[in-house]
Amino acid sequence: MNNEHQLPLILIGIGGGGSRLAAAIHQRYAEPMRIVCIDTDAMANREWSADAIPCLLIGAARLSGNGTGGDAVKGRLAIQDDIHLLHPHLQGVRTAVILTCMGAGTGSGVTPEVVSTLHEQGIATLCIATEPFDFEGPARRAIANRAQAMIEDHVDSLCSIKLDELFNATNEVQLPAAIASANEILASGVTLLWRLLTRPGFLSINAERLHSFIVQGGTATFGTVQATGADRATTLTKALCESQLLHAGESIKKANALLVGILAGSDLRLSEIGEIMKTLRGWCKPDCQIEMGTVMDASFEWRIEVVLFCFESTGAPLPDTKKVSSASPATVPSVPPAEVFHIQPGGARRNKGKSKLAVGATGKGKFQNVEPTIFNGQDLDIPTYIRKNIQLDR
Ligand SMILES: Nc1nc2c(ncn2[C@@H]2O[C@H](COP(=O)(O)OP(=O)(O)OP(=O)(O)O)[C@@H](O)[C@H]2O)c(=O)[nH]1
Ligand SMILES: [Mg+2]
């Protein structure tokens, strides 16, 4: 029997928004999971602590627990001060799912540093990062873009989600309902990864398989749909094709790899799995690699939920060694053969090549969008008083 605490998988929430989403996911999963939140804001930190989620307050020496006030320079310095606080949480971790919101100081400044640290430790990273709403304005957008470019340097799989698209997908008009619904969509996607490992149905994915999938993932998108009724499999595939988060099916067509999770109760039929997988196979590229798993959950009786991660991995797959399912093909004749991804030693992300902008930390005034001036490991574009934490008399 799997114990979630033993899983080599951790959820890391960063900043106010990222921690709030991580806490919502933790609550939805309702079972023990490895989780840690990181923030510069002591008040927000207390909120998550009340939920028994370990929270790391970083940069307290320079920010006094007041947050960064939207300054990614301060966020980056805060995590550089206190990255050691994260290390005890990484014992035995092979894969990290990071939730973060781009556009302000902590998420944008801290996430690239955390991703880089995890990468150095050989931990595969799937970073789910929200992009600010259009109405938040160009300054937040610029911070988000710079942070994203830095994250891309070391992350294995990056799933950027535009908040405008996420909220459109909720079909809710009033803000509180839209936020709850948006949280629910993200929670479906993320908890799927835990459920696939801890509550497998007859087609399972193990932690090492998931690790190798994420290592090769590249740019990722995800969507989730559910349906009930006699034609629920057909309804589901139609909804997937129309999903805004999957760009009306474009993400499926472009994907080099798909991770498909099917959640259902004991009434799930093999023919339904076959129909869903056959339709997906028909949409995606002939050489697209598909990994699927089922999660049997009594609370899903009468309905099916499909969660789909589409990865635009740029790396050529290595020769196959394993089949996706331990079930013999004879027992599931209607499911098309699926291939698996392979572990890539070193865990390096392969979709490099995008131009690297300066870290958000230096994104101010004349240093906006320029490469940082690094000397002896120090970023000289950061004012000396901030770099050396000198308190100025005012
Ligand atoms: N989906 C969602 N997005 C959020 C939420 N809170 C904030 N955001 C988004 O996240 C961006 C960053 O905000 P925060 O996460 O609060 O900022 P932070 O990373 O804590 O940074 P500082 O507070 O400036 O130190 C915002 O511009 C919003 O786009 C939330 O509860 N849900
Ligand atoms: Mg904050």
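The values are calculated or read from the model by the stated rules, or taken from the named source; none is laboratory data. Owing to the predicted nature of the structure, the values given are computational and were not obtained by experimental measurement. Cβ coordinates were reconstructed from backbone atoms using ideal geometry, including for glycine residues, and neighbour counts include every protein chain displayed. All accessible areas refer to the heavy atoms of the entire protein, side chains included, with ligands and DNA or RNA removed. Shrake-Rupley method; radii C 1.70, N 1.55, O 1.52, S 1.80 Å.
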Seminar exercise, completed: For the range 7-191, dividing by residue count, accessible area per residue (probe 1.4 Å) in Å² works out to 35 Å²
Exercise. What accessible surface, in Å², does a 1.4 Å probe find on Trp283, ignoring ligands, DNA and RNA and rounding to the nearest 10?
Worked result: 80 Å²
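Rounded, prolate or oblate for the range 169-263? Axes are the square roots of the Cα gyration tensor eigenvalues, ordered a ≥ b ≥ c, and the cut-off for rounded is a/c under 1.5. Working shown, then result.
Numbers: a/c = 1.44, a/b = 1.42, b/c = 1.01.
It is rounded, given that a/c, with a ≥ b ≥ c, falls under 1.5.
Report the local net charge at Asn168: Lys and Arg +1, Asp and Glu -1, summed over other residues whose C-beta lies under 13 Å from its C-beta. Mind dumping the intermediate values first?
Values: positive: Lys162; negative: Asp134, Asp164, Glu165, Glu172, Glu242.
So the surrounding residues net to -4.
First compute the accessible area of the range 7-191 with a 1.4 Å probe, then give the percent of it belonging to carbon and sulfur atoms.
Ligands and nucleic acids excluded, carbon and sulfur reach 52 percent.
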Seminar exercise, completed: Taking only protein heavy atoms and a 1.4 Å probe, the highest-to-lowest accessible-area order of Trp302, Trp48 is Trp302, Trp48
Seminar exercise, completed: The ³J(HN,Hα) series, computed from each phi in the range 268-278 with the Karplus coefficients 6.51, -1.76 and 1.60 at θ = phi - 60°, rounded to the nearest Hz and given as x for glycine or proline, is 5, 9, 4, 5, 6, 4, x, 5, 4, 5, 5
